[in-house]
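Step one of this worksheet: look at the structure below.
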Amino acid sequence: ACGGGSTDTGSSDDGGDLIRVGFSQLGAESGWRTANTESVKASLSEENGFDLTFVDAQQKQENQIKALRDFIAQDVDVIAFSPVIETGWDEVLQEIKDSGIPVVLVDRTVDTTVEDPFVTWIGADFKQEGTTAGEWVAENAPDAKIFELQGTLGSGAQVDREEGFGEVVGDQIIGKASGNFTRAEGKTAVEAALQAYPEMTMIFTHNDDMGLGAIEAIEAAGKVPGEDIQIVSIDGVRDGLQALVDKKFNYVVECNPVFGDQLAELITQVADGADVPKETIVIDAAFDQTITQADVDARLY
Ligand code: GYE
């Protein structure tokens, strides 16, 4: 193996009845992603009837495209992937289509000219997540001056969360920048934003990890996160909900990454050539500071 990305494969030729799946995960950028990867690997296990080739693209589209081409060469039964951004897939999706291998799209979405590029998609309603966050702000902080910490630019999660939020409270936004869904880049973006927008009273972050980076930047600047600068976030990973209990986050819209079992079921049906719904929306909740430590401790991820 070469060219970036780590591969781990349990494949062998004696896997007679196993469903051979190539899964291109976009990276390991966040707590959400780690939980999602664990869930996918646990569900697509050999015990459950799968021969999984899992490749982590380290947030690079070129690594994903290479992995997808490898899956075609291996002639797997089903290709599953979480696209890092929405565009740039036309060529490889056409190649997959020509190979006849069915595609299951996971988590993020694609924007492509290829017709019927995938059999089915499973993921969350990102736009609704942004809307839910916006509605909390409209109700609880209608005067807040908001800096928006965007996820990876051009990703479905960034585009749709921004749209949903902006439709509700767009006129309160004073600035935006991307933190690429990571804690480190979220921190850097907020350090710069604290200089550029001293009037800021709230950060809307597209994921918890960037929000946790924001906390570090805010505290380093001598301000109090959750008070001087409120934080509204998306995901609901354990560290994010802990920040809510600690009153450093103010509101968190959940995005549930634990859908490996549903994915396994879909892949099985697709491999059998059975009819499947075009999309499966994973159900999300939302939490405010009334959440308890016991709720956080009971969390699976
Ligand atoms: O919110 C973020 C991750 O695509 C839903 O990607 C996913 C997002 C998730 O990096 O933490």
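Suppose we filter region 184-222 for residues that are over 24 Å from E163 (Cα atoms), touching a residue at least 24 places away in the same chain (Cβ under 8 Å) and more than 20 Å from the chain's Cα centre (by Cα); how many remain?
7
Quick one: D235 ticks every box in (1) surrounded by 15 or more Cβ atoms within 10 Å (Cβ to Cβ); (2) in contact with a helix residue (DSSP H, G or I) (Cβ under 6 Å, 6 or more places away or on another chain); (3) farther than 19 Å from Q128 by Cα bar one, so which box is it?
Evaluating D235 over (1) surrounded by 15 or more Cβ atoms within 10 Å (Cβ to Cβ); (2) in contact with a helix residue (DSSP H, G or I) (Cβ under 6 Å, 6 or more places away or on another chain); (3) farther than 19 Å from Q128 by Cα leaves (3) as the failure.
Here's the yes/no breakdown for (1) touching an Asp or Glu at 6+ places or on another chain (Cβ under 9 Å); (2) in contact (Cβ under 8 Å) with a residue 24 or more places away in the chain; (3) surrounded by fewer than 23 Cβ atoms within 10 Å (Cβ to Cβ):
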{"position": "G49", "(1), (2), (3)": "yes, yes, yes"}
{"position": "T53", "(1), (2), (3)": "yes, yes, yes"}
{"position": "Q64", "(1), (2), (3)": "no, yes, no"}
{"position": "D70", "(1), (2), (3)": "no, yes, yes"}
{"position": "A73", "(1), (2), (3)": "no, no, yes"}
{"position": "G100", "(1), (2), (3)": "no, no, yes"}
{"position": "T109", "(1), (2), (3)": "yes, yes, yes"}
{"position": "A124", "(1), (2), (3)": "yes, yes, no"}
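Would you point out the residue of region 126-171, among those that are farther than 27 Å from E191 by Cβ and aliphatic (A, V, I, L, M), that is surrounded by the fewest Cβ atoms within 10 Å (Cβ to Cβ)?
A138
Suppose we keep only residues that are of a type in the set (G, A, S) and over 14 Å from the mean Cα position of the chain (by Cα) within region 16-47. Which one would you say is surrounded by the fewest Cβ atoms within 10 Å (Cβ to Cβ)?
The qualifying residue surrounded by the fewest Cβ atoms within 10 Å (Cβ to Cβ) is G16.
For the condition of a type in the set (V, I, T), crowded, with 20+ Cβ neighbours inside 10 Å and under 22 Å from T131 (Cβ atoms), what is the one hit in I215, I203, I267?
I203
Could you look through region 75-98, keep only residues that are of a type outside the set (G, A, S) and in contact with an Asp or Glu (Cβ under 6 Å, 6 or more places away or on another chain), and pick out the one that is farthest from G151 (Cα to Cα)?
Step one: of region 75-98, the residues of a type outside the set (G, A, S) are 75-79, 81, 83-87, 89-98.
Those left that are additionally in contact with an Asp or Glu (Cβ under 6 Å, 6 or more places away or on another chain): 86-87.
Details: E86: 13, T87: 15 Å.
Filtering first and then ranking leaves T87.
Applying the selection to region 113-122, what residues are more than 16 Å from the ligand (Cβ to nearest atom) and touching an Asp or Glu at 6+ places or on another chain (Cβ under 8 Å)?
Once the filter is applied, which keeps residues that are more than 16 Å from the ligand (Cβ to nearest atom) and touching an Asp or Glu at 6+ places or on another chain (Cβ under 8 Å), region 113-122 yields T113, V114, T120.
Does P277 satisfy the criteria of being farther than 21 Å from R161 by Cα and touching a residue at least 12 places away in the same chain (Cβ under 8 Å)?
Against the criterion (farther than 21 Å from R161 by Cα and touching a residue at least 12 places away in the same chain (Cβ under 8 Å)), P277 qualifies.
Can you give me the number of residues within region 272-290 that are farther than 18 Å from T109 by Cα and not in a loop (DSSP other than H, G, I, E, B)?
At the first step, the residues of region 272-290 found to be farther than 18 Å from T109 by Cα are 272-275, 285-290.
When the remaining residues are screened for being not in a loop (DSSP other than H, G, I, E, B), the result is 286-288.
Of the residues in region 272-290, 3 are farther than 18 Å from T109 by Cα and not in a loop (DSSP other than H, G, I, E, B).
Of all residues in region 1-21 being at pLDDT 55 or above and in a loop (DSSP other than H, G, I, E, B), which is farthest from the ligand (Cβ to nearest atom)?
G16
Return yes when G175 is farther than 16 Å from W32 by Cα and either at pLDDT 95 or above or surrounded by fewer than 16 Cβ atoms within 10 Å (Cβ to Cβ) (or both) and no when it is not.
Answer is yes for this residue.
With respect to G260, determine if the residue is small (G, A, S), more than 25 Å from G179 (Cα to Cα) and free of Cβ contacts under 8 Å to residues at least 24 places away in the same chain.
no
Looking for something within 14 Å of the ligand (Cβ to nearest atom), assigned to a loop (DSSP other than H, G, I, E, B) and touching a residue at least 60 places away in the same chain (Cβ under 8 Å) - is there at least one such residue anywhere in region 238-254?
no
The values are calculated or read from the model by the stated rules, or taken from the named source; none is laboratory data. Since we're looking at a predicted model, the values are computed, not measured. Counting neighbours? That spans all protein chains shown, and the Cβs are built from the backbone with ideal geometry, glycine included.
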